[in-house]
Amino acid sequence: MSTAYLNIGELTTWDEERPVQRDAGLVVSDGRVAWVGDSSATPAADDAVDLAGAAMIPGFVDSHTHLVFAGDRAAEFEARMAGQAYTAGGIRTTVTATRQASDEQLAGLVAARVAELRSQGTTTVEIKSGYGLDVEAEARSLRIAGQFTPETTFLGAHVVPTGWAADDYLALVTGPMLAACAPHARWVDVFCERGAFDADQARTVLRAGMDAGLEPRIHAGQLGFGPGVQLACELGAAAADHCTYLDAADVAALADTGVVAGLLPGVEFSTRHPYPDARRLLAAGVRVALATDCNPGTSYTSSMPFCIALAVRELGMTPLEALHAATQGGAWSLRRDDIGHLRPGARADLVVLNAPSHVHLSYRPGVPLVAGVYSTAR
Ligand SMILES: [Zn+2]
């Protein structure tokens, strides 16, 4: 089965020589991109779709979400907007609500959020646990996440739950909880931040996960300067996410090691914190990803277009840099070479915009520009 897409007004493939092409054609065969070139030269296929000048981009790769949760923290947001500061402890509010939800309720909530992000052009999503914080609730979160994506992340080390001493909880996370969760996870993550886990604790968590066959990623530099980025580089993590507070050595280490810096500007929007400095990272040659961090406390958005608009308006990225970070950058962050681009061989995760150019994603913020998502993703 093959389909030819004709008269693509602007096609973004991230091909090295022609990353963006005008008046392009693209052929999909058996779920993969088979051919890219000028529209007029497009080979025949079983089916043809005339895009009449619309733009086509790779599906967004949202490399950082916390979709498995129940409850609502609108009151906390309202208080923050009235001047109250954010602290990591708010996570515990969601833990209580998540533990109380039934399996069916929780799976239904995740399904609704996945449908929401797919309708906005996301074709690959990473989903973390981290609102269960006991052995069965964490394993359940990952089993549910695994119904929607292979990119599942064990985040038992999100925060120390109420009633636990940090050392005891760390032993649980790296022992029985890891054993129960590792079969359902690809990644291991830790919230390395004041009020959550320090460098030694975070290293213990990530090392234990790696010993269990999981690949490391980390939350670092969200609320202040800290050791998380250096730890990510030391351990060869795929990504260090947040990167709002970085010193010069952190930036140099990211550039040297190729650890992806995941920027999550929905957080700064929702907490009214200063935004990360994307220009400094790009200038240093750091690989940058853009993700939603969709969670009920600090960034309750599933919209990659919204994050692209923030990246352009507040992080100083060009519209093309922001699109790159939201697609190819996300694929780097998840160590995937079959997504995030539309070069021949890529998985045919195509997004058609109701617009002639990717620039409209940030030029017309809040407007539903995704006209169609063609994807084999589950
Ligand atoms: Zn997060």
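The values are calculated or read from the model by the stated rules, or taken from the named source; none is laboratory data. Note that the structure is predicted; figures quoted are calculated from it, not measured. Don't worry about glycine lacking a Cβ; one is built from the backbone with ideal geometry, like all the others, and counts go over all protein chains shown.
The helices (runs of 4 or more DSSP H) falling completely within the range 232-302 that include 1 or more residues that are within 16 Å of the ligand (Cβ to nearest atom) and aliphatic (A, V, I, L, M) map to 265-271. Given the conditions (1) in contact (Cβ under 8 Å) with a residue 40 or more places away in the chain; (2) assigned by TED's automatic domain parsing to the domain that holds V49; (3) part of a loop (DSSP other than H, G, I, E, B); (4) closer than 28 Å to T271 by Cβ, and given that V367 satisfies all but one, which numbered condition is not satisfied? So the condition that V367 fails would be (1). For the range 320-352, the set of residues classified as in contact (Cβ under 8 Å) with a residue 60 or more places away in the chain, outside any loop (DSSP other than H, G, I, E, B) and not aliphatic (A, V, I, L, M) consists of H324, Q328, G329, G330, W332, S333, R347, listed by residue number. Out of the range 80-108, which residues are hydrophobic (A, V, I, L, M, F, W, C) and at pLDDT below 90? Result: A85, A88, I91. Taking every residue in the range 177-190 that is of a type in the set (F, W, Y) and pairing it with any residue that is within 16 Å of the ligand (Cβ to nearest atom), at least 6 positions away or on another chain, the pairs with Cβ-Cβ distances below 6 Å are W187/T153; W187/R217. Within the range 133-167, the set of residues being more than 16 Å from the ligand (Cβ to nearest atom) and outside any helix (DSSP H, G or I) comprises D134, G146, Q147, F148, P150, V160, P161, T162, G163, W164, A165. Residues in the range 52-110 that are among the aliphatic types (A, V, I, L, M) and either under 24 Å from the mean Cα position of the chain (by Cα) or within 16 Å of the ligand (Cβ to nearest atom) (or both): 16 in all. Of the numbered criteria (1) part of a loop (DSSP other than H, G, I, E, B); (2) touching a helix residue (DSSP H, G or I) at 6+ places or on another chain (Cβ under 7 Å); (3) modelled with pLDDT of 95 or more, the one I308 fails is (1).
Can you find a residue that is over 20 Å from the mean Cα position of the chain (by Cα), small (G, A, S) and away from the ligand (no atom under 15 Å from the Cβ) anywhere in the range 188-206? Yes, there is a match, as at least one residue in the range 188-206 is over 20 Å from the mean Cα position of the chain (by Cα), small (G, A, S) and away from the ligand (no atom under 15 Å from the Cβ). Summed over the range 81-124, the residues that are among the polar types (S, T, N, Q), closer than 14 Å to G71 by Cβ and out of contact with any Asp or Glu (no Cβ under 8 Å at 6 or more places or on another chain) give a count of 6. When M317 is tested against (1) outside any loop (DSSP other than H, G, I, E, B); (2) away from the ligand (no atom under 16 Å from the Cβ); (3) buried (at least 24 other Cβ atoms within 10 Å of the Cβ), only condition (1) is not met. In a residue-by-residue description of the range 249-257, the property of being in the same structural domain as Y131 (by TED's automatic domain parsing), buried (at least 20 other Cβ atoms within 10 Å of the Cβ) and within 30 Å of D72 (Cα to Cα) applies to no position. The set of residues from the range 168-207 being exposed (fewer than 15 other Cβ atoms within 10 Å of the Cβ), charged (D, E, K, R) and part of a helix (DSSP H, G or I) comprises D168, D200, R207. So is D211 under 27 Å from E268 (Cα atoms) and among the charged types (D, E, K, R) or not? Against the criterion (under 27 Å from E268 (Cα atoms) and among the charged types (D, E, K, R)), D211 does not qualify.
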